[in-house]
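What follows is one structure encoded as structure tokens, with my remarks underneath.
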Amino acid sequence: MASKPEQSTCRGLEVVVRALVLLGLGMMAYSVVGLLYSQTTSSDIFTTAFAQQPSESLGKMTKLDRRCKKACKGREYNDLGAEGHLLCYTFWHFHYGEEDGDYNIIWNPSPYASNRCLEALKKSKINLDREVCRLCTNRTDIEAAFNSKHPRNPSRGVVYTGSVRHLVVLYVSIAMLRKLDPVIPIEVFIEKKDLKKCLGMFQGYNVSCRAHNGHYAKYTNKLEAIINSHFDQVLFIDADNVLRIPPAKLFDSPEMRSTGAVFWPDLFGHACVHPTLRDTTLGPHDTKEENQNSPKSMTYKRRALAGQSTWKDHAIWMYTDVEWQAEWKLAQEFESGQLLIDKRRHLLPLYLARYLAGDLFAQNVLYGDKDCFRFAWNMLEADLTLVHEPPAQLGKMVDKEFHRTTLLQRFQGDISFVHQNKLPFPDQEWKLIIPKEGYRWLNSSRFDYSYCPPEYDRFRINDNEFSITDGNQLESFRQAWNTHFKIAQQRLSELLIIRVRS
């Protein structure tokens, strides 16, 4: 028989063992519950939104519903592969290896850049799915919050963003807009510390100057302004962009009534890379050995090193899970100097575009906010109109070579926006060039679904590809622009002098 101390020790051990067993069972139960909960909050979270609907209605899910359900599955992407090498940059911006050592984005890409990009893509893609799922599951609350702030009668207005350094060109744009429409509401979003300057600058023009709500990521200011504006239907215009047609023509257009979102194309798209011919003139370092790390698109014959986010092997397609197709709205980059959006119809795409504009991976492979709109709308399969007319260009002639200074957007046959790139408006010999429909380059198949100019911004022009004029049809516009520009400079100078004296 055991002694009392021994019995006490045994009992103590028995208590400890029982406690450990109970703890183990509890942890197992917790794990099971946690697993079930995680499955409910990921795989089935979207399905539960349909639990109250009749079973026969589940087969009538919209495109948005299907996209949301797919995002809410909580997928892992460790087995995500890439055929060949991913193209992970846009224009001349790159973040996955080429910045190291002597590697060059064009001639000699880093051998490990594509792998680094793929690893970043896997992690970021999970976060993107979570954001889409969050927007989907909170859709009712998002729409309710919007409706509580906006009356039932749709309001429309023009929105700008800017800072003190944009006040002069903002004044030009707004003064010329007021000639077209004296009463349409205008909001300018600016930093809080600059509100007084904004109010003084636009005194007499019936402009509402509003402060940004906070410090936003670099490329989200435009989206924050659109989302937070007081208008249901927003015509957003960049500070250095000038509208040339009455805004009512845009708001009341069949395109706006049909889709509720009208976008304009950038100069660059899939047509910037030839789909069949190999380029044998890339440069002195273009050898088979040194070019072996290039994405396939980089070895094609190309017009301009631009429009990469429309190329088939670009990382953005895998990231957003949007299927590349030979369609204008997919294979052409967007230009966000002007946007026409009905927020009541497109709240979720706007929120998703804002996410992309602030997401590190998206901004490493896109160029600013412009194509965030393209991929947000196409991810959610939302209705949109991409104006079918490629941009025209205005530029000066230097040694028989065209140098672009201004981008001209068209709408229903009219030059509708004049988007400045270099100021002031040129006084030199200048040409207006408008792309001819159906022009073919390098014996290529016809790119009905995409457009690309001969080069980025400097090239020789020919009348086979462009309708070329000396720009006289814009002479009155040029004179008005220069007049308002001088007035704006004087106004701003007076405002700054008053501030110093006070």
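The values are calculated or read from the model by the stated rules, or taken from the named source; none is laboratory data. Keep in mind the model is a prediction, meaning the values are calculated, not measured. Cβ atoms come from the backbone with ideal geometry, glycine included; neighbour counts cover every protein chain shown. The protein model used for the area step is the full one, side chains on, heavy atoms only, and it has no ligands, DNA or RNA in it. Shrake-Rupley method; radii C 1.70, N 1.55, O 1.52, S 1.80 Å.
Among residues of region 74-99 that are surrounded by fewer than 19 Cβ atoms within 10 Å (Cβ to Cβ) and in a loop (DSSP other than H, G, I, E, B), those with a Cβ under 7 angstrom from a residue that is of a type in the set (Lys, Arg) and modelled with pLDDT of 75 or more, sequence gap 6+ or separate chain, pair up as Tyr77/Lys122; Tyr77/Lys125; Asn78/Lys122; Leu80/Lys122.
Pairs are defined by a Cβ separation below 7 Å, a sequence spacing of at least 6 or placement on different chains, a first member in region 213-233 that is β-branched (Val, Ile, Thr), and a second member that is in a helix (DSSP H, G or I); the pairs so defined are Thr220/Arg354; Thr220/Ala357; Thr220/Gly358; Ile226/Leu350; Ile227/Leu350; Ile227/Arg354.
For region 314-333, does any single residue satisfy the condition of being touching an Asp or Glu at 6+ places or on another chain (Cβ under 6 Å) and under 27 Å from Ile237 (Cβ atoms)? Yes, that holds for at least one residue.
Of all residues in region 420-437, those that are under 19 Å from His484 (Cα atoms) and open to solvent by less than 20 Å² (accessible area, probe 1.4 Å) have Cβ atoms under 7 Å from Cβ atoms of residues that are in a strand (DSSP E or B) and modelled with pLDDT of 85 or more, 6 or more apart or on another chain, in Gln420/Thr406; Pro426/Lys396; Pro426/Thr405. The listed residues are Leu384, Leu350, Leu360, Leu380, and the only one of them that is out of contact with any Gly (no Cβ under 6 Å at 6 or more places or on another chain), under 23 Å from Tyr451 (Cα atoms) and not acidic (Asp, Glu) turns out to be Leu384. I'd like to check something: does region 137-146 contain any residue that is among the aliphatic types (A, V, I, L, M), more than 22 Å from the chain's Cα centre (by Cα) and either modelled with pLDDT of 95 or more or within 23 Å of Gln338 (Cβ to Cβ) (or both)? Within region 137-146, not a single residue is among the aliphatic types (A, V, I, L, M), more than 22 Å from the chain's Cα centre (by Cα) and either modelled with pLDDT of 95 or more or within 23 Å of Gln338 (Cβ to Cβ) (or both). Mind checking which residues of region 334-367 are among the hydrophobic types (A, V, I, L, M, F, W, C), surrounded by 20 or more Cβ atoms within 10 Å (Cβ to Cβ) and over 23 Å from Gln233 (Cα atoms)? Result: Phe361, Ala362, Val365, Leu366.
Find all pairs meeting these conditions: Cβ atoms under 8 angstrom apart; at least six residues apart or on different chains; first residue within region 169-191 and under 15 Å from Val242 (Cβ atoms); second residue among the acidic types (Asp, Glu) and surrounded by 18 or more Cβ atoms within 10 Å (Cβ to Cβ). Close Cβ pairs satisfying both conditions: Val169/Asp240; Ser173/Asp240.
Of everything listed in (1) outside any loop (DSSP other than H, G, I, E, B); (2) at pLDDT 90 or above; (3) in contact with a His (Cβ under 9 Å, 6 or more places away or on another chain), the single unmet condition for Lys301 is (2).
Meeting the requirement of 3 or more residues that are within 30 Å of Arg66 (Cβ to Cβ), the helices (runs of 4 or more DSSP H) wholly within region 125-241 are 139-149, 221-228. Scanning region 151-198 for residues that are under 12 Å from Cys209 (Cα atoms) and open to solvent by 20 Å² or more (accessible area, probe 1.4 Å) yields a count of 9. For region 456-481, filtering for residues that are touching a helix residue (DSSP H, G or I) at 6+ places or on another chain (Cβ under 7 Å) and within 13 Å of Lys396 (Cα to Cα) leaves 0.
Of the residues making up region 368-386, just one is open to solvent by less than 10 Å² (accessible area, probe 1.4 Å), hydrophobic (A, V, I, L, M, F, W, C) and touching a strand residue (DSSP E or B) at 6+ places or on another chain (Cβ under 6 Å), namely Phe373.
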